[in-house]
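Nothing in this text is a laboratory measurement; each read-out follows from the coordinates by a stated rule. Computed from a prediction, not measured in an experiment: that's the story for all the values here. No Cβ is skipped: glycine too gets one built from the backbone with ideal geometry, and neighbour counts run over all protein chains shown.
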Amino acid sequence: MVIAITLKIIYNIAGEFMIIDLTRLNNDIEKNIDVNIDYTFNKDELEGTDLLDCNASIKGVITKNSLKEIILDLSVSGMMIMPCAITLKPTNYPYSIEIKGTLSEILNKNEEIFTNTLDIFPIIWENILMEIPMRVVSEGAEDLEIKGDGWKLVTDDEETSSPLAELEDLLKDR
């Protein structure tokens, strides 16, 4: 005897993934599955990125079209915390992502996908990683005067004299 238990959404099992049960959608019992998940990434998940902390609010629906393809229409928003490029202070960086399309398009697969569960964590995480900026600067850090004893930060906008410029002038005089 087989007992089937259908759960709509299993939230953050062991803090590692988000699984959506598609059984009721695949069997045409329901027309769509509402997704409403708030998630904070743990330190292990953030390892290898420049993120100090990150949270996500995932809202949307999962439906099936007339071709029996799974359609995702998700909105992901949240806050990334990254070190400031100048001061290294933790800096908030808000983000917002729209994930829309068939599951096969999103996963870049040409074959049909037959499954009763969908782990949306890799899809969400990949899109968040694409939104990480190269650098963030905290408020007021741009106006800091960065110099010390015998040195100063030179930007691309400032012209500097090269120590070899004097030698170049001597060679031109010959």
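See the values below:
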read-out: Ranking of TRP125, TRP151 by count of other Cβ atoms within 10 Å, fewest first; value: TRP151, TRP125
read-out: Cβ crowding within 10 Å averaged over residues, with 42-52, 21-31 ranked highest first; value: 21-31, 42-52
read-out: Label-point separation, ASP34 to SER77 (7 Å along Cα→Cβ), nm; value: 1.8
read-out: Total formal charge among the other residues, if their Cβ is under 12 angstrom from that of LEU74, Lys/Arg +1 and Asp/Glu -1; value: -1
read-out: Other-chain or far-sequence residues with amide H under 5 Å of GLY101's (modelled H); value: LEU72
read-out: Rg and Dmax of segment 9-145, Cα atoms only, in Å; value: 17.6, 64
read-out: Within segment 9-145, percent of DSSP bridges classed antiparallel, to nearest 5; value: 100
read-out: Extension gain (nm, one decimal) between ILE132 and LEU107, 0.36 nm per residue minus Cα-Cα; value: 7.0 nm
read-out: Peptide ranges 76-82, 59-65 listed from the most packed, as the mean C-beta count within 10 angstrom indicates; value: 76-82, 59-65
read-out: Ascending count of other beta-carbon atoms within 10 Å, so fewest first, for TYR93, TYR39; value: TYR93, TYR39
read-out: Which of ASP119, ASP38, ASP169 has the fewest Cβ neighbours within 10 Å, and the rest in rising order; value: ASP169, ASP38, ASP119
